[in-house]
Amino acid sequence: MLLMLPVSVGLFLLIHHSGAGLALLATAVGIIGMLVAAMLQALLVLNIVRYEQTIAAVLTAGGAVGLWLLLANILALIITAFPGGLAISGVAVGAGYILVALGFRIGGQEHPLSYAGAILVTAGYSLWSIWLGWLFTSGRLNLPK
């Protein structure tokens, strides 16, 4: 989650001129979700808290990250900030995070929505992050000055 923080800032810089208020809100929600999830996962790994104590907050944080991905990529799609396929894969990943959170809340990790969301996140995030990273590092995607 912490490694997603610079990505959220980079996306904000790409999309903020398309709808500054919505872009800022989406980015803030995403960053808060990333920080909360990272903190709770660190506490869990350090055996300071138990899984049962953190699951509801981690799911909410994951849903917040999903909302950020969904909105940021919809804005990127609208303004053609990067290729449409990349934006669509980002929308799918965002929807996946939200589906995982919903599925867990409705029926636990065995719920079909949890599985569907996990598939979207696992496959989609790999594609989206590698593609976006390649565009940034190859110079094909530049932040506005």
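The values are calculated or read from the model by the stated rules, or taken from the named source; none is laboratory data. Values in this document were obtained by computation on a predicted structure and should not be read as measured data. Glycine gets a Cβ as well: all are built from the backbone with ideal geometry, and neighbour counts include every protein chain shown.
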Q. Just wondering, is there one or more residues in segment 12-22 that are in contact (Cβ under 8 Å) with a residue 40 or more places away in the chain, surrounded by fewer than 21 Cβ atoms within 10 Å (Cβ to Cβ) and either in a helix (DSSP H, G or I) or under 14 Å from the mean Cα position of the chain (by Cα) (or both)?
A. yes
ask   = Does R105 fit the bill of being outside any loop (DSSP other than H, G, I, E, B), surrounded by fewer than 21 Cβ atoms within 10 Å (Cβ to Cβ) and of a type in the set (D, E, K, R)?
value = yes
When segment 75-101 is checked residue by residue, the ones that are surrounded by fewer than 18 Cβ atoms within 10 Å (Cβ to Cβ) and free of Cβ contacts under 8 Å to residues at least 60 places away in the same chain are T80, P83, G84, G85, I88
Here the residues within segment 1-10 that are buried (at least 17 other Cβ atoms within 10 Å of the Cβ) and more than 11 Å from the chain's Cα centre (by Cα) are none
From the option list A28, A64, A38, single residue qualifying as without any contact (Cβ under 8 Å) to a residue 40 or more places away in the chain, surrounded by fewer than 16 Cβ atoms within 10 Å (Cβ to Cβ) and under 18 Å from the mean Cα position of the chain (by Cα) is A28
Sole miss for T27 among (1) at pLDDT 95 or above; (2) outside any helix (DSSP H, G or I) is condition (2)
Next item on the list: State yes or no: is A72 of a type in the set (A, V, I, L, M) and either surrounded by fewer than 19 Cβ atoms within 10 Å (Cβ to Cβ) or not in a helix (DSSP H, G or I) (or both)?
Entry: no
